[in-house]
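Trainee: Quick one: the structure is below, and I'll ask about it shortly.
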Amino acid sequence: MWIAFGLSVRLFAVQAPPRPNILWICADDHAPYVMGAYGNRQVRTLNLDRLASQGVRFDRAYCNSPVCTASRQSFLTGRYPRTIGVTQLKTPLSESEITLAEILKEAGYVTAAFGKMHFNSTLKHGFDLRLDQPEYQAWLKKKGRTPVPTEIEVQPPWKPFKDPASIWLNSACRPLAVVDADMYGTFLAREASEFLRAPRSKPFFLMVSFTEPHSPFHFPIEYRNRHQLAVFKVPKPGSGDDAQIPKIFRDLTGQEKQGITAAYYTSVEFLDRNIGVVLEALERSGQATNTLVIYTGDHGYMLGQHGRFEKHCGYEPAVRAPLLVRFDRHIKPQQSRTALVEFIDIFPTVLEFAGLSVPANAQGKSLVPLLLGKARRHRDRVFIEYSENEEAYVVTERWKFIYGTGKRTREDGYAAENPLPGRTIRLFDLDADPSELKNLAKQREHARRVEQFTRQLAEHLKRTARQPELLPKSDDPHAILEFCLQPKDIGTESGAKR
């Protein structure tokens, strides 16, 4: 910049502020109600609670699909699962989809992803450095596994849907046959710490994706016996739940349900310890003040609500997820927001803080106004889908609408013993019935509301279709919903079984 002072001219070098680093920590199946910052007084999550107190806690953040792959690829691209053609667990993300990492890398960021990403391919999708199970296994083989005392009862090999649910859901609350220093989560935290401590001249985008507390709820032998099973109260199913309870859970005893819950809580506490290791390394690196820190679960998890111990459905504990955001000197501490937000909103938020343009095809809406205290409302409604059961959900500040075609033969292992035939529609008043136990959909006074939600959902799926030219030429919202909610990932080779 040239600035004239009388007869002299001086040149000042005006430097743009440095772009922020991005640290995004993601957990697998972590529901917000099992965290101290969200009001739980039994679980010990001191590091996550501290992070929440240093920034903004979102109380109504929703995943866009209650299954790992669809949720993760959706929030990494800022686009709905249906739009990117990823709706099932095994579907790979197309190389044609642009991820947050690719945009940041193009802008000069060093990009790294440690842990579970669910790309389902060998593509790195913009991450320069990838560490996952192969690197962990190689490290453990070279180091040598520390022996575990034979008298300690440990988890058997994990065989979901082959063993009874009481075994693969770890109702005995047993640790892995691994010491803390040899755990995969500990490995990821240690590698992330080394990455953060390394000197570099460029900003970084680091994603640390832990597998905890996914079943069978891993924790090391040092974490055994942290909780007494008897202290946990397992929710009782409602009177209308019987037809939708997966048959694999029907034989669980009350004590086994308590044990599953205790194992989940213990795994969360192990997760919290490793998150603390990463955050401490960030502080010691001297880069914390210029680092945007984000914490999410990829979706929620059910611990007995509606008789379920999983996600894969539209109830609040399954689709509502934790979202914590800290950015020193920009975001005031000790804040909370009750605005409705979707996980696809994280994508444009990061880009706005980084001073980068958001792609025109992104469907998320930046959270920056909420984070800076310039707005209190964000969305009128959120949209979520779980195509494996041909379901989709709409959530507003007061209402929850759940639509299922009833035409899908479930292949995810969670089929009900006596499923209701045909189309199922549920409507819940979240103000009066936060546990979603009273379905109002068939009551005459709510008929118009059900019709409105049905049309809104159909319009959303039409608007966000990957290949709109394939949509049925019909104004019937049910015809549109039945077509769009099939688990055939449009543009991929995966198919649907009816």
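Each value in this text was obtained by applying a stated rule to the coordinates, not by laboratory testing. In this text, all values refer to a predicted model and were calculated from it rather than measured experimentally. Cβ sites come from the backbone with ideal geometry, for glycine too, and all protein chains shown count toward neighbours.
Trainee: Just the number: Rg to Rh for the range 160-301, Cα atoms, Kirkwood Rh, two decimals.
Mentor: Checking Rg against Rh, the ratio lands at 1.08.
Trainee: When only alpha-carbon atoms are used, what values of Rg and Dmax, in angstrom, describe the range 73-228?
Mentor: Considering the range 73-228 through its Cα atoms, Rg and Dmax are 18.3, 54 Å.
Trainee: Further question: Go ahead and run the numbers for FRET between Arg444 and Gln467, Cβ-Cβ distance against an R0 of 35 Å, rounding to 0.05.
Mentor: E(calc), rounded to 0.05, equals 0.35.
Trainee: Return the inverse of the average 1/r over all pairs of distinct C-alpha atoms in the range 366-428, which is the Kirkwood hydrodynamic radius, in Å to one decimal.
Mentor: 14.0 Å
Trainee: Whole angstrom only: what separates the Cα centroid of the range 382-440 from the Cα centroid of the range 245-302?
Mentor: Their Cα centres are 25 Å away from one another.
Trainee: Also: Just subtract the alpha-carbon distance of Glu194 and Leu140 from 0.36 nm times their residue separation and send over the number in nm, one decimal.
Mentor: Separation in residues times 0.36 nm, less the Cα-Cα distance, equals 17.7 nm.
Trainee: For the residues Thr291, Thr211, Thr150, Thr338, what sequence is obtained by ranking on other C-beta atoms within 10 Å, fewest first?
Mentor: Thr150, Thr338, Thr211, Thr291
Trainee: Going down the list Lys124/Lys332; Lys90/Lys332; Lys124/Lys407; Lys90/Lys462, which pairs span over 31 Å between their C-alpha atoms?
Mentor: Violating the 31 Å Cα-Cα cut-off are Lys124/Lys332; Lys90/Lys332; Lys124/Lys407.
Trainee: Roughly how many debye, to the nearest 20, is the charge dipole of the range 382-484 about its Cα centre, given +1 on each Lys and Arg Cβ, -1 on each Asp and Glu Cβ, and no other charges?
Mentor: 320 debye
Trainee: I need the per residue convex hull volume for the range 264-330, using only the alpha carbons, in cubic angstrom as a whole number.
Mentor: That works out to 89 Å³ per residue.
Trainee: Please give, to one decimal in nm, the separation of the simple spin-label points placed at Lys159 and Glu451, each 7 Å out from Cα toward the Cβ.
Mentor: 5.4 nm
Trainee: Along each principal axis of its Cα atoms, how long is the chain end to end? Whole angstroms, biggest number first, please.
Mentor: If we take the Cα atoms of the chain, the spans are 87, 65, 43 Å.
Trainee: How much length is gained if the chain between Glu151 and His478 is pulled fully straight, taking 0.36 nm per residue apart and subtracting their Cα-Cα distance, in nm to one decimal?
Mentor: Length gained, Glu151 through His478: 111.9 nm.
Trainee: Rank the residues His227, His478, His460 as a footprinting-exposure proxy: fewest other Cβ atoms within 10 Å of their Cβ go first.
Mentor: Going from sparsest to densest Cβ surroundings: His478, His460, His227.
Trainee: So for the chain, averaging the separation of alpha carbon pairs under 8 Å that are six or more residues apart and normalising by length, what relative contact order in percent results?
Mentor: RCO, the chain: 22 percent.
Trainee: Pop out the ³J(HN,Hα) list for the range 343-350 in order, Karplus 6.51 cos²θ - 1.76 cosθ + 1.60 with θ = phi - 60°, rounded to Hz; leave Gly and Pro as x.
Mentor: 5, 5, 6, 5, 3, x, 5, 4
Trainee: Once you keep just the Cα pairs under 8 angstrom separated by 6 or more residues, what percentage relative contact order results for the range 382-484?
Mentor: The normalised contact order for the range 382-484 reaches 20 percent.
Trainee: Given Cβ point charges of +1 (Lys, Arg) and -1 (Asp, Glu) and nothing else, what value in debye, to the nearest 20, does the dipole of the chain about its Cα centre take?
Mentor: Dipole about the Cα centre, nearest 20: 740 debye.
Trainee: Using Cβ contacts closer than 10 Å as the measure, can you line up Val179, Val231 from fewest to most?
Mentor: Val231, Val179
Trainee: Under 25 °C and 0.890 mPa s, how fast does the range 313-449 diffuse according to Stokes-Einstein, given a Kirkwood radius computed over C-alpha pairs? Answer in µm²/s, whole number.
Mentor: Taking Rh from Cα pairs, D becomes 141 µm²/s.
Trainee: If you don't mind, there's one more thing I want to ask. Dimensions of the range 382-484 along principal axes (Cα, Å, largest first)?
Mentor: Projected onto the principal axes, the Cα atoms of the range 382-484 cover 41, 31, 22 Å.
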